[in-house]
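Peer 1: Encoded as structure tokens, here's the structure I'll be asking about.
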């Protein structure tokens, strides 16, 4: 017996027990609505998707080709369209996630209006977006199942293959996939982090990404002025997130620990060392200091500390922040990663200044010397000029190999020329594009990258597509700009969005009206509906 039929029998028994009071309730309709809403709460989603992530992480450990991917989404509709496209083209949503970017929440979802990525937006907007995304993903399930139910009714009415349709329903693959959600630096102290993490998990997040910056001085990972916190402060927030998962019964919850130390040169706090070699002393040892040979050398308000048996003065800026020694960046990254994993984080995020597999691999391999199964979530950031950086990389590799480069501009002196449109058809540009295409595969194989994401892609696609449409529509093309470049493309690509009424839920609504009102239902569909043109 199919799963559909088994559950139908359960509803039939329930309705039968209620007698005449439920005589207008059709068990099959109840069954269909129940299947369309498989996930009743955000915690159901978090538990389901956390298990998926754990299985994917185990699969990656066995085969690095099994890496996962996501795109950053700033609206539920964007996430829905992404997963519908993935399912339509790949026939499965396996290893496809959603990334929720704090940058895009700040830029696009704050009631203050567009904001920079500095944790100034409302913290409640993050769990609200998680809930919105899953609302849209569940609606994608409901729409697709509604179509299958109509296919089932038609098969029954015309003598079609009912079993084949029932198999489609029973084997239906949900659009609900894991979300990796950005909690920035925790939006406050560890208690604030715990409270927000709970809201995010209750909304459906199975994976929470947290960074080691000072929460009240947080900066975008690809901007200057980043200030890190001592390990004890960061590990307390990792603990806070784990406790939030456990309190809510999401035992498989995933914590992504992000280090910004590669691009951070400042700290706000000098931690107290309680014994030689502890984390506080290791963190303090990275400070930029000047030796003190005479106590009289100290100015009013100066601070002195003892490092390696010698008295010294940390370099402190006018704003009171302390500076790290130049050249300690990689060592700090490695220490951050190792301590985070040893304290219960599951995945790492190393924010880099360029997409270079060798650089990433160097750092991850050092971490793996102490934690062999260390895995990375990597930001394939739009902040990188991918075209320029990979053309520079090919130029450098060819130069080292002794290849003739006289036909190409030297990036050291004329990087702008390397980006010129005239370069697009060259051998160097083709080699660079091939490296870009292989970047995720290479990174997964050589640099321990389990998950590749693009933080802000849909910010840029919305800007680009709107710019292209506006240029043509308000220019000479007029309506052709929309018809040729939008609607016709939707039709050719068989996108559900061309039937926007159906995608928005009109047909589901008509189905429900039939359930509720029978022949008296006033429906929006029918011959007069212009969606029939498609």
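Peer 1: Quick check on residue 152: is it part of a helix (DSSP H, G or I), more than 21 Å from residue 341 (Cα to Cα) and out of contact with any helix residue (DSSP H, G or I) (no Cβ under 6 Å at 6 or more places or on another chain)?
Peer 2: Working: part of a helix (DSSP H, G or I): yes; more than 21 Å from residue 341 (Cα to Cα): yes; out of contact with any helix residue (DSSP H, G or I) (no Cβ under 6 Å at 6 or more places or on another chain): no.
Spelling it out, it is not the case that residue 152 is part of a helix (DSSP H, G or I), more than 21 Å from residue 341 (Cα to Cα) and out of contact with any helix residue (DSSP H, G or I) (no Cβ under 6 Å at 6 or more places or on another chain).
Peer 1: Which residues, counting only those in the range 174-218, are part of a helix (DSSP H, G or I) and either within 17 Å of the chain's Cα centre (by Cα) or under 15 Å from residue 239 (Cβ atoms) (or both)?
Peer 2: 190, 191, 192, 193, 194, 195, 196, 197, 198, 200, 201, 203, listed by residue number.
Peer 1: Still on this structure, please answer the following. Quick check on the range 219-228. Is at least one of its residues surrounded by fewer than 19 Cβ atoms within 10 Å (Cβ to Cβ), at positive phi, touching a strand residue (DSSP E or B) at 6+ places or on another chain (Cβ under 9 Å) and at pLDDT below 95?
Peer 2: Our first condition is that a residue be surrounded by fewer than 19 Cβ atoms within 10 Å (Cβ to Cβ); within the range 219-228, this holds for 223-225.
Applying the additional criterion that residues be at positive phi yields 225.
Now narrow it down to the ones that are touching a strand residue (DSSP E or B) at 6+ places or on another chain (Cβ under 9 Å): 225.
Then drop every residue that is not at pLDDT below 95, which leaves 225.
Scanning the range 219-228 turns up at least one residue that is surrounded by fewer than 19 Cβ atoms within 10 Å (Cβ to Cβ), at positive phi, touching a strand residue (DSSP E or B) at 6+ places or on another chain (Cβ under 9 Å) and at pLDDT below 95.
Peer 1: Return yes when residue 77 is within 20 Å of residue 129 (Cβ to Cβ) and in contact (Cβ under 8 Å) with a residue 24 or more places away in the chain and no when it is not. If you could, list the steps in order and put the result at the bottom.
Peer 2: Details: within 20 Å of residue 129 (Cβ to Cβ): yes; in contact (Cβ under 8 Å) with a residue 24 or more places away in the chain: yes.
Yes, satisfied.
Peer 1: Those residues that are out of contact with any strand residue (DSSP E or B) (no Cβ under 9 Å at 6 or more places or on another chain) and under 24 Å from residue 214 (Cβ atoms), I need them from the range 89-118; list them, please.
Peer 2: Hits for the range 89-118 are 106, 107, 109, 110, 112, 114, 115, 116, 117, 118.
Peer 1: Taking the range 11-27, which residues are surrounded by 14 or more Cβ atoms within 10 Å (Cβ to Cβ) and under 29 Å from residue 204 (Cβ atoms)?
Peer 2: 11
Peer 1: Surrounded by 14 or more Cβ atoms within 10 Å (Cβ to Cβ) and either out of contact with any strand residue (DSSP E or B) (no Cβ under 6 Å at 6 or more places or on another chain) or at positive phi (or both): which single residue out of 316, 325, 274 fits that description? Talk me through it step by step, then tell me what you get.
Peer 2: Details: 316 fails: either out of contact with any strand residue (DSSP E or B) (no Cβ under 6 Å at 6 or more places or on another chain) or at positive phi (or both); 274 fails: surrounded by 14 or more Cβ atoms within 10 Å (Cβ to Cβ).
When all the criteria are applied, what remains is 325.
Peer 1: Let me ask something additional. For the range 381-416, how many residues are surrounded by fewer than 20 Cβ atoms within 10 Å (Cβ to Cβ), in contact (Cβ under 8 Å) with a residue 60 or more places away in the chain and either touching a strand residue (DSSP E or B) at 6+ places or on another chain (Cβ under 8 Å) or within 18 Å of residue 427 (Cα to Cα) (or both)?
Peer 2: 1
Peer 1: Conditions: (1) more than 23 Å from the chain's Cα centre (by Cα); (2) touching a residue at least 24 places away in the same chain (Cβ under 8 Å); (3) under 22 Å from residue 97 (Cβ atoms). Residue 171 meets all but one. Number of the miss?
Peer 2: (2)
Peer 1: Checking residue 246 against (1) touching a residue at least 12 places away in the same chain (Cβ under 8 Å); (2) surrounded by fewer than 22 Cβ atoms within 10 Å (Cβ to Cβ), which single condition isn't satisfied?
Peer 2: Single failed check for residue 246: (1).
Peer 1: Does at least one position in the range 61-73 carry a residue that is free of Cβ contacts under 8 Å to residues at least 12 places away in the same chain and assigned to a helix (DSSP H, G or I)? Even if it seems obvious, please write down each step before you answer.
Peer 2: Of the range 61-73, the ones free of Cβ contacts under 8 Å to residues at least 12 places away in the same chain are 62-63.
With assigned to a helix (DSSP H, G or I) added as a condition, the list becomes 62.
Yes, the range 61-73 has at least one match.
Peer 1: Oh, and also: Check the range 45-55 and report whether any residue there is at pLDDT 95 or above, within 28 Å of residue 251 (Cα to Cα), surrounded by fewer than 19 Cβ atoms within 10 Å (Cβ to Cβ) and in contact with a helix residue (DSSP H, G or I) (Cβ under 6 Å, 6 or more places away or on another chain).
Peer 2: There is no residue in the range 45-55 that is at pLDDT 95 or above, within 28 Å of residue 251 (Cα to Cα), surrounded by fewer than 19 Cβ atoms within 10 Å (Cβ to Cβ) and in contact with a helix residue (DSSP H, G or I) (Cβ under 6 Å, 6 or more places away or on another chain).
Peer 1: Enumerate the helices (runs of 4 or more DSSP H) found wholly within the range 343-444, keeping only those where 3 or more residues are assigned by TED's automatic domain parsing to the domain that holds residue 233. Full working, then the answer.
Peer 2: Numbers: elements: 357-368, 386-400, 411-418.
Output list reads 357-368.
Peer 1: Is it true that residue 131 is under 26 Å from residue 340 (Cα atoms) and either surrounded by 23 or more Cβ atoms within 10 Å (Cβ to Cβ) or assigned by TED's automatic domain parsing to the domain that holds residue 101 (or both)? Break it down stepwise before answering.
Peer 2: Values: under 26 Å from residue 340 (Cα atoms): no; either surrounded by 23 or more Cβ atoms within 10 Å (Cβ to Cβ) or assigned by TED's automatic domain parsing to the domain that holds residue 101 (or both): yes.
In short, no.
The values are calculated or read from the model by the stated rules, or taken from the named source; none is laboratory data. Nothing here was measured: the structure is a model prediction, and the numbers come from that model. Ideal geometry is used to build each Cβ from the backbone, glycine not excepted, and the neighbour counts take in all protein chains shown.
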